[in-house]
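Input: a single structure, listed below in structure tokens.
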Amino acid sequence: MKDLAPCPTGSRRVANSFRRGLDSYHRQATAQAIVAMDLADLLQKSVGDRRFEHVFEFGAGTGHLTEALLQRFEIDQLTLNDLVGEAEPALHKLVGGHGRTATFTSGMVESCALPHDVDLIAASSVVQWVRDMPMLMQGCATALQPGGWLALSGYGRSHFRELTALGSGAAAPNYMDCGDWADVLPEELHLVELVQAAITLHFETPRDVLRHLRATGVNSMAQGGWTRARLAEFEEAYCQRFSSPQGVTLTYDPVLMLAERR
């Protein structure tokens, strides 16, 4: 989430959506919190109790991954980035709660100058918004020290499958399944782990699904508004196709990726 260079229209829409949802995101983004913890656990399984000299996290948001990394690793220097500059105060408060400080930058990660000689670059539930992944991955490879790690999570093509099935055109621009990652990593980055496993959330009604999407800022690509007739049609179709004993479902399709700099 960011703003150093002028945002393209799509990026500005994403920024505005996350900005509106900033106050409710940390509480409502239950799936994203799980994904962040799983990514940190996967990294710890691969590197053990390693001390990181310099960590760069982009798309830090309200700090789900930041918190998970600080709980698991010793970090000497922490640089945080987010599309939304308004995320900075809460992130500083979170980091300060661990007795640490952080440097914060705002802006799209594709437009930002990445810090040099870092030994961990991390981002959770972010790369689905990145349009040019090969370019970003090459930038990450250049920024990482040899032996440094890249820990990322995005979402696969079954993400929000319920919305896709009902004709939604509000998808993020870059959903990648496990099989897509090898094509975007430069040769300097050795692929170590890939994990893809769906998370299904349950809501009482389809309207609660829409409230959840707005509260977490992930409806930024939606076009147009809801008429009463359109909303009624959506609710009826959603209930018919995606009801469960717990209500209606919404599927997250996280993909976790670890790579090491050669």
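All of the numbers you see were taken from the coordinates with simple rules; none came from a lab. The structure presented is a predicted model; accordingly, all values stated were derived computationally and were not measured. FYI the Cβ positions are ideal-geometry reconstructions off the backbone, even for glycines, and counts take in every protein chain you see.
Looking only at Cα atoms, what is the convex hull volume of region 6-133 per residue, in Å³?
107 Å³
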* Structure fact -> Relative to the compact-globule estimate 2.2 N^0.38 Å (N residues), the Cα gyration radius of region 111-262 stands at a ratio of 1.23
* Asked: How do the peptides 147-158, 170-181 rank, highest first, by the average count of neighbouring beta carbon atoms within 10 Å per residue?
  -> 147-158, 170-181
* Asked: Share of Cα-Cα pairs in region 175-250 beyond 21 Å, in percent?
  -> 49 percent
* √(5λ) per eigenvalue of the Cα gyration tensor, the chain, largest first, Å -> 31, 19, 18
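Under the definition of Cα pairs under 8 Å and six or more residues apart, what whole-number percent is the relative contact order of the chain?
24 percent
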* Relative to the longest principal axis of the chain, what angle (0 to 90°, nearest 10) does the C-alpha long axis of helix 133-143 take? -> 20 degrees
* To do: For region 24-68, evaluate the Debye formula with one uniform point scatterer on each Cα (no solvent term) and list log10 I(q)/I(0) at q = 0.13, 0.27 Å⁻¹, rounded to two decimals.
  => -0.32, -1.05
* **Per principal axis, descending, Cα span of region 131-185 in whole Å** => 46, 17, 15
* How large is the dipole of the chain about the Cα centre if only Lys and Arg carry +1 and Asp and Glu carry -1, each at its Cβ, rounded to the nearest 20 debye? -> 820 debye
* Can you give the FRET efficiency for THR142 and ALA232, using 1/(1 + (r/R0)^6), R0 = 45 Å, r = Cβ-Cβ distance, to the nearest 0.05? -> 0.30
* **region 122-262: relative contact order in percent, alpha carbon pairs under 8 Å with at least 6 residues between** => 42 percent
* How high is the FRET efficiency from THR101 to ALA197, r the C-beta distance, R0 30 Å, rounded to 0.05? -> 0.30
* Asked: Around ARG262, what is the net charge, scoring Lys/Arg as +1 and Asp/Glu as -1 over all other residues with Cβ under 10 Å from its Cβ?
  -> -2
* Asked: Just from the alpha-carbon atoms, what are the Rg and Dmax of region 109-159 in angstroms?
  -> 11.4, 36
* How long are the semi-axes of the ellipsoid equivalent to region 80-176, from square roots of 5 times the Cα gyration tensor eigenvalues, in whole Å, largest first? -> 27, 19, 12
* Extension gain (nm, one decimal) between ARG51 and ASP177, 0.36 nm per residue minus Cα-Cα -> 42.3 nm
